[in-house]
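Each remark here refers to the structure printed beneath this line.
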Amino acid sequence: MNIKKFNILLVITILLVLIIPSSYAVYTTHNNRLYEVLDKKIIEQAIICYNKKECLTKIITLQELYDKGYLQEQIDPLSKEILNPSTTIDIEKEVVNH
């Protein structure tokens, strides 16, 4: 009877050792990709605005993109809050500074 319990505990332990790290990896990868998609969308619109000479500098704010009609209010994919309109986009480095 003790060997049976030991085997069951061993199987459960092995499953937990495999499931917990892989679940965490999937969760963090998914969240990173959500932010990556959001950032690419914002950067793309900022570059279009700059190329059309409507945005004059290479550092553009979200508010500037909102005002010129390039974007609607952007929402953080995890917290579901509206992004700060003073967030800047550096189109030279292709970086969104949250």
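Odds and ends about this structure:
- Gyration tensor (Cα) of the chain, equivalent ellipsoid semi-axes in angstrom: 48, 12, 8
- Sites residue 17 and residue 37, calculated FRET efficiency, Cβ-Cβ separation with R0 30 Å, nearest 0.05: 0.40
- Footprinting exposure proxy for 10, 83 (fewest neighbouring C-beta atoms within 10 Å first): 10, 83
- Here the chain is scanned for GluC sites (Glu not before Pro) in DSSP loops (not H, G, I, E, B) that have at most 16 other Cβ atoms within 10 Å, and the longest stretch holding none of them is 1-53.
- Pairs of Lys residues in the range 2-97 that lie 8 or more places apart, or on two chains, and have C-alpha atoms under 16 angstrom apart add up to 8.
- Distance histogram for the range 14-71 (every C-alpha pair counted, 5 angstrom bins, percent rounded to whole numbers): 4, 17, 20, 12, 10, 8, 8, 7, 6, 5, 3, 1
- Rounded to 10°, Cα long-axis angle of helix 2-51 versus longest principal axis of the chain: 10 degrees
- Sequence-separation-based contact order of the chain, relative, with Cα cut under 8 Å and 6+ spacing, percent: 24 percent
- Debye, to nearest 20: dipole size of the range 2-97, +1 on Lys, Arg Cβ, -1 on Asp, Glu Cβ: 580 debye
- Modelled spin labels at residue 58 and residue 80, positioned 7 Å past Cα toward Cβ, are 3.9 nm from each other.
- Cβ-Cβ distance of residue 51 and residue 73, R₀ of 25 Å, FRET efficiency by 1/(1 + (r/R0)^6): the value works out to about 0.60.
Just so you know, all these numbers are worked out from the coordinates, no wet-lab data involved. Predicted model, so just to flag it, every value in this text is computed and none were measured. Quick reminder, even Gly has a Cβ in these numbers, built from the backbone with ideal geometry, and neighbours come from all protein chains shown.
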